[in-house]
Amino acid sequence: MANTYTDVRLYDPFLRPDWRFERVLRLVSRVPTPGRTTKRDDPHIKDARSFMLRWNRGEEWRENLLDENPGLYYAHSIFASLHMDPEVKFMLEARLLADQPVEEIADRLKTLPETVSWYEKLFFNVSPFLRHHDWIVKHVLLPSSDRFVEHDDEDDDAAPVPQGTPLVVRPHLDMTLKFFAYFGGPILCDFMISGFRRGNAVQNADEISSWLDDQWKVTLQRRSAQSVGVFEVNRYNVMELFATHARLIELQKGEESGEERRSSFTRHVSTMLSQLPWTVGRRGAEQYAGSTMGDLDSSAAEINDEELILIGSGEVPDSVQEVSSLTIESREDTEVDDAKSK
């Protein structure tokens with residue numbers, strides 16, 4: 001089997017998305033002398049090590065880093081904002097999971113493409129591994145669902161939550177956004193971030209009502225889909241969950257049984273009849289005026305089924321001439337003919 005990755009470390013099933021940054025932290029945290037990189041470390045690790053060593057020296061050095069490497073500087077700032085201003089981080093990570101191009105993500109976030117590239121390489125290295133479904137679930141999606149769960153006050157290991165973030169919003173900020181982005185793609189990611197669909201602007205005042213109705217519907221769908229993935233199941237609501245599930249099964253079976261009761265012939269005829277342009281009265285006479293079918297419809301005789309099929313397919317049967325020559329005799333003519341015969 002041909003090797004997919006040049007670095008054997010990438011085959012580690014326990015590899016974390018921030019594995020490069022973990023390596024950098026291990027190097028710079030060694031005392032009294034920071035660790036050195038090796039030939040196994042790629043340029044991203046080497047540059048990040050130098051960056052962090054200077055970052056740790058203080059504010060004056062950090063200002064110089066902004067001018068020298070703004071992409072890495074902003075990427076580190078986004079990563080460090082987890083517990084104070086997490087929205088940018090979550091949006092960036094969600095768009096990476098949706099497999100959007102770097103330039104497109106940078107444009108959405110109003111930053112440099114280098115910022116997105118550095119962030120992906122150093123803090124959220126998922127782009128090469130998006131096809132590894134189980135790894136994404138284990139090391140990206142599940143950790144995001146646990147990051148902002150509610151903990152008891154005495155739990156010292158509880159992860160801090162963003163300040164001022166309502167409890168209801170916490171799951172959306174990370175877990176649901178990542179889930180929908182990874183499985184739904186860029187368009188759904190856009191919608192989950194803002195709650196609105198772009199490119200659907202109101203063109204005139206008459207469209208306002210229908211636009212608001214549509215937005216109300218999709219907002220409920222969005223919130224419902226988010227809630228399904230995060231709501232807690234406990235002894236107080238489990239019976240309601242069972243009842244809802246049973247009702248869904250009942251509705252599904254009802255639709256299936258109704259369809260099964262219809263024979264194959266019935267379904268085919270129903271489909272065919274629904275496609276026929278039914279017209280009657282004056283409208284029908286106007287539509288078929290001048291055609292073979294229109295002429296025969298006003299004649300004295302009625303064509304049979306075989307002749308009707310032939311005419312419908314564009315052919316004119318020989319019997320049509322005979323049918324069109326037939327007339328309906330009046331009652332007076334019939335009485336005269338009977339008297340002559342006597």
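Give me the net charge for the shell around residue 66: Cβ to Cβ below 13 angstrom, other residues only, Lys and Arg +1, Asp and Glu -1.
Within the 13 Å Cβ shell, the charges total -4.
Can you give the FRET efficiency for residue 249 and residue 309, using 1/(1 + (r/R0)^6), R0 = 51 Å, r = Cβ-Cβ distance, to the nearest 0.05? Present the calculation step by step, with values, prior to reporting the outcome.
On the way: r = 45 Å, r/R0 = 0.88.
It comes to 0.70.
For the range 238-254, backbone phi angles converted through the Karplus equation (6.51, -1.76, 1.60; θ = phi - 60°) give residue-by-residue couplings of 5, 5, 5, 5, 4, 5, 5, 5, 4, 5, 4, 5, 4, 5, 5, 5, x Hz, Gly and Pro being listed as x. Largest first, the extents of the alpha carbon coordinates of the range 61-126 on the three principal axes equal 35, 25, 20 Å.
Backbone geometry of the range 55-64 corresponds, through the Karplus equation with coefficients 6.51, -1.76 and 1.60 at θ = phi - 60°, to 3J(HN,Hα) couplings of 4, 6, 7, x, 5, 4, 5, 5, 4, 5 Hz, x marking Gly and Pro. Among 111, 219, 33, the order by Cβ neighbours within 10 angstrom, fewest to most, reads 33, 219, 111.
In the calculated pair-distance distribution of the range 1-104, the portion above 20 angstrom amounts to 53 percent of the Cα-Cα pairs.
What pairs in 121/217; 39/121; 46/89; 217/253; 39/138 have C-alpha atoms more than 28 Å from each other? Flagged as over cut-off: 121/217; 39/138. The H on the amide N of residue 112, modeled in the peptide plane, is under 5 Å from the matching H of no residue at least 5 residues off or on a different chain. Each part reduced to its alpha carbon centroid, the range 58-107 and the range 189-240 end up 29 Å apart.
We did not get these values from a lab; they are worked out from the coordinates using the rules stated. Here the structure is a predicted model, which is why all the values come from computation and not from measurement. With ideal geometry, Cβ positions are generated from the backbone for all residues, glycine too; neighbour counts draw on all protein chains shown.
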